[in-house]
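Written below as structure tokens is the structure these notes are about.
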Amino acid sequence: MVLSPFIFLLLSFGVGYLSSTMAGSKEDRVAVVTADSRLKKQLTVDKTNTTAKYPTVTAAKKALISKKIKGYLKVENMNGKLTAAYFGVEHLSETQHDRFLQILSAQQQIMNLKKAQLSQNQLLTLRTQPQLKQTVSDNNQNAQSAVKLVSFMALLFIMYFILLTYTTTVAQEIASEKGTKIMEMIFSSMPAKNYFYGKILGTFGVIATHLAIYLIGGMSLYFVSPHFEFTKSIFNENKETVDKVVANLSNLNLLYVLLGVIIFTVLAALCGSLVVRPEDTSKAIQPVMYLVMAGFFGALILGQSADNVIVKVASFIPFLSSFFMPIRLINGNTDTFQVVISLIILLASTVGLTVYVGSLYAGLILQTDDVGLIKSFRRGLKIK
Amino acid sequence: MLEVKGLYKSFGTKEVLKGVSFEAETGKITGLVGKNGAGKTTIFHSILNFVESTGQISFSGVPITKETYQKIGYLPEERSLMPKLTVFDQVRFLANLKGLSTAVVRKRLAWWLERLQVKGKAEDKIKSLSKGNQQKVQLICTLIHKPQLIILDEPFSGLDPVNTDLLKQIILEEKKHGAVIIFSDHDMTNVEELCDDLVMVNDGQIVLNGDIQSIRESFGLTRIFVRTPRSLEELQQLAHVKKVSQTKFGSYRLVLEDEKYGTAIFDEVTKGEYVQTFDQQPPTLNEIFKMKAGVK
């Protein structure tokens, strides 16, 4: 389960690598035929799409007939003028066309300059190029929006999937323990509340390990991607965005995710302790699922409206604040005071709920009658 | 010594324990008996701090706290272990909670497995063991840390006669070592055979408390077992005899109105006749249990 994203990425890379390798199959290449060896070398640098294998037009023609190449480019030097002619069964791709033209232009210019026998100063004058300078402001609206959107989506989906996975796991585990006498033996060795705290801590440890594996995996990708041919360009083009997204995920938002995961885990544990049979867990866990979905879909819909009143209010409500406050944080739509208040409320609710469920835990777990969720909870209160 | 004083517990409006008080002495076995729902499990759960009750519970003069847990060995009513673990891992897990190191567990487990005739099973998975052997493992988990207070909730249920005897021997050995032992059982024969003292609970209250022999004798020697050529009808005609029943061994069991009529009955049934057996006894615990529990 933990490794599935990495397996998915490896598969994607594998497929990408294979497709890029396959893309340059022999039949798709263009043979370059020219007597100028230097020019030939320049034109066939791209081994994937070109070949220098056929030295004469006759050989190239044969290769074309036997479909070993898609065409050939014949380049001749006619008294100082380069002329190139392409023959083939398919058109040159735009990229190939531009590339050939660029190389030929550069070569033609060298030849022209040589023929003109210009002085050093004239040469330098001719080489003067116009300048096109680009100045891109940091506050570029579109780029900023993209970063915010990616950060928010990443955060939202990470939290959603962790919650979906672990709330169910915890509830099921507790439901399967409930009513077994091994729990009585354990409780005769340690207070039930300590066992409960240990269970929550253990679950949190597993989640933290899960996140740490993703973090290490993510960091590995970050450092490895620039070294692979097929990821280099994508990575370099988006490095700035990636850096900003990472920064957005590594700040207070992470704290909201962690606290959110704990409070939902505790609530899931409470729900799991209300059923006798593990197969009833899905029924018991429904309130948690509804809350998670309310947070997830609410945040998804209102993710781009950080100043919406619902987002503002929900960012202070425990359970929901983990979904909504990050929207405001990413969009810079809040101040330190509000964040501190929201965090205090979330932290106090998490601790309060944990202590409360811990105090009820023995009463809830030691019941063995299948009396329904509400009645089971009431009984737990009475037993306490 | 375990002292329970004025224990009250209610579940909502239902009062489950109504001022339960008793003592279980060191080096003695105390039987806690009562009908289903009488409050036995709630008493155990209160002693073990599973539920919060009002009243006082102390062991060796100290209230039961986290620190006391290491001195307690508890065997619950039903058997339940972690099926995927090996015997060693299961015992180690629970023994570690009791403060035992793994090295000590390994050493003591070997001894216990031999003692309980399950030698060589340490690395077997719990789920691969027979029910009887699983019960033995659970007993090991209860006793491996040498508890000073042992609580056994119906320890013999589901055991065959051989393993029942084995468990009885072990309980008696623990008694010799000076542990306070409380156990509950519905089979009064086991209680009578093993226990020094008896605490009987009915409807959340203690209805009998004391040493078993005194309790039985307090009901008077009102039972006579007699082997005589006389018929059932003849015996039923005797004065002050409330009830006569024939035992499966051919003797009769007479219930007297009062133990003082025993002499008169003896005179009557032995008049000019040889009597193989004449034994005047108090009621059995089973009878006392039924009387006190309101079972007719």
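So, in the range B:130-147, of the ones that are part of a loop (DSSP other than H, G, I, E, B) and out of contact with any Lys or Arg (no Cβ under 7 Å at 6 or more places or on another chain), which residue ends up modelled with the highest pLDDT? Before you say what the answer is, go through the steps one by one.
Here is the first cut: in the range B:130-147, the ones part of a loop (DSSP other than H, G, I, E, B) are B:130, B:144-147.
Retained after the next criterion (residues that are out of contact with any Lys or Arg (no Cβ under 7 Å at 6 or more places or on another chain)): B:130, B:146.
On the way: B:Ser130: 88, B:Lys146: 93.
If we take residues in the range B:130-147 being part of a loop (DSSP other than H, G, I, E, B) and out of contact with any Lys or Arg (no Cβ under 7 Å at 6 or more places or on another chain), then B:Lys146 is modelled with the highest pLDDT.
Would you check if A:Gln108 is within 30 Å of A:Ser322 (Cβ to Cβ), of a type in the set (S, T, N, Q) and surrounded by 14 or more Cβ atoms within 10 Å (Cβ to Cβ)?
Details: within 30 Å of A:Ser322 (Cβ to Cβ): no; of a type in the set (S, T, N, Q): yes; surrounded by 14 or more Cβ atoms within 10 Å (Cβ to Cβ): yes.
So A:Gln108 does not fit the description; no.
Restricting to the range B:46-62, give me the number of residues that are facing another protein chain (nearest Cβ under 10 Å), free of Cβ contacts under 8 Å to residues at least 40 places away in the same chain and under 16 Å from B:Ala24 (Cβ atoms).
0
Here are some conditions: (1) at pLDDT 90 or above; (2) in a helix (DSSP H, G or I); (3) within 30 Å of B:Glu3 (Cα to Cα). B:Ile150 meets all but one. Which one does it not meet?
All conditions pass for B:Ile150, except number (2).
Going by the structure shown, is A:Gln107 assigned to a helix (DSSP H, G or I), touching a residue at least 60 places away in the same chain (Cβ under 8 Å) and not small (Gly, Ala, Ser)?
On the way: assigned to a helix (DSSP H, G or I): yes; touching a residue at least 60 places away in the same chain (Cβ under 8 Å): yes; not small (Gly, Ala, Ser): yes.
So A:Gln107 passes the test.
How many of the residues in the range B:134-164 are away from chain A (no Cβ under 14 Å), within 22 Å of B:Asp197 (Cβ to Cβ) and either in contact (Cβ under 8 Å) with a residue 60 or more places away in the chain or surrounded by fewer than 18 Cβ atoms within 10 Å (Cβ to Cβ) (or both)?
1
Considering only the range A:148-189, state which residues are within 14 Å of another protein chain (Cβ to nearest Cβ) and not in a loop (DSSP other than H, G, I, E, B). Talk me through it step by step, then tell me what you get.
Step one: filter the range A:148-189 for residues within 14 Å of another protein chain (Cβ to nearest Cβ), giving A:173, A:176-189.
If the condition is that a residue be within 14 Å of another protein chain (Cβ to nearest Cβ) and not in a loop (DSSP other than H, G, I, E, B), then A:Glu173, A:Ser176, A:Glu177, A:Lys181, A:Ile182, A:Met183, A:Glu184, A:Met185, A:Ile186, A:Phe187 are the ones that fit.
Collect the residues in the range B:63-100 that are facing chain A (nearest Cβ under 9 Å), in contact with a Pro (Cβ under 7 Å, 6 or more places away or on another chain) and under 21 Å from B:Glu174 (Cβ atoms), keeping them in residue-number order.
Selection gives B:Ile72, B:Gly73, B:Leu75.
Where in the range A:286-384 are there helices (runs of 4 or more DSSP H), lying fully within it, with 3 or more residues that are surrounded by 18 or more Cβ atoms within 10 Å (Cβ to Cβ) and among the hydroxyl-bearing types (Ser, Thr, Tyr)? Show your work before the answer.
Values: elements: A:286-302, A:309-314, A:321-330, A:336-365, A:373-383.
It comes to A:336-365.
Between a first residue in the range A:331-344 that is farther than 22 Å from A:Val150 by Cα and a second residue that is not in a loop (DSSP other than H, G, I, E, B), which pairs have beta carbons less than 6 Å apart while being 6 or more apart in sequence or on different chains?
A:Ser342/A:Ser321; A:Ser342/A:Met325
Looking at A:Leu353, is it more than 14 Å from chain B (Cβ to nearest Cβ), in contact with a Pro (Cβ under 6 Å, 6 or more places away or on another chain), modelled with pLDDT of 75 or more and on the phi < 0 side of the Ramachandran plot? Give the steps one after another, and end with the answer.
Values: more than 14 Å from chain B (Cβ to nearest Cβ): yes; in contact with a Pro (Cβ under 6 Å, 6 or more places away or on another chain): no; modelled with pLDDT of 75 or more: yes; on the phi < 0 side of the Ramachandran plot: yes.
No.
Only residues that are under 20 Å from A:Ile110 (Cα atoms) and either in contact (Cβ under 8 Å) with a residue 12 or more places away in the chain or in contact with a His (Cβ under 8 Å, 6 or more places away or on another chain) (or both): list them for the range A:61-96, please. Explain how you work it out, then say what you get.
Within the range A:61-96, the first condition is being under 20 Å from A:Ile110 (Cα atoms), and the residues that meet it are A:74-84.
Listed by number, the residues that qualify are A:Lys74, A:Val75, A:Glu76, A:Asn77, A:Gly80, A:Lys81, A:Leu82, A:Ala84.
Against the condition surrounded by 19 or more Cβ atoms within 10 Å (Cβ to Cβ), of a type in the set (A, V, I, L, M), within 14 Å of chain B (Cβ to nearest Cβ) and over 15 Å from the mean Cα position of the chain (by Cα), how does A:Ala192 come out, does it pass?
Details: surrounded by 19 or more Cβ atoms within 10 Å (Cβ to Cβ): yes; of a type in the set (A, V, I, L, M): yes; within 14 Å of chain B (Cβ to nearest Cβ): yes; over 15 Å from the mean Cα position of the chain (by Cα): yes.
So A:Ala192 fits the description; yes.
Yes/no per residue for (1) under 29 Å from B:Ile265 (Cβ atoms); (2) not assigned by the TED database to the domain that holds B:Trp112:
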site	(1), (2)
B:Leu152	no, no
B:Gly158	no, no
B:Lys175	no, no
B:His186	no, no
B:Glu192	yes, no
B:Val201	no, no
B:Phe225	yes, yes
B:Pro229	yes, yes
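Evaluate the following for B:Glu114: is it in contact with a strand residue (DSSP E or B) (Cβ under 9 Å, 6 or more places away or on another chain) and either of a type outside the set (Lys, Arg) or within 11 Å of chain A (Cβ to nearest Cβ) (or both)? Break it down stepwise before answering.
Numbers: in contact with a strand residue (DSSP E or B) (Cβ under 9 Å, 6 or more places away or on another chain): no; either of a type outside the set (Lys, Arg) or within 11 Å of chain A (Cβ to nearest Cβ) (or both): yes.
It is false that B:Glu114 is in contact with a strand residue (DSSP E or B) (Cβ under 9 Å, 6 or more places away or on another chain) and either of a type outside the set (Lys, Arg) or within 11 Å of chain A (Cβ to nearest Cβ) (or both).
Is it true that some residue in the range A:95-111 is farther than 19 Å from A:Val45 by Cα and within 44 Å of the chain's Cα centre (by Cα)?
Within the range A:95-111 (the criterion being farther than 19 Å from A:Val45 by Cα and within 44 Å of the chain's Cα centre (by Cα)), the answer is no, since none of the residues qualifies.
The values are calculated or read from the model by the stated rules, or taken from the named source; none is laboratory data. Every value quoted in this text rests on a predicted model; they were computed, and no experiment measured them. Using ideal geometry, Cβ is built from the backbone for each residue, glycine included, and neighbour counts are taken over all protein chains shown.
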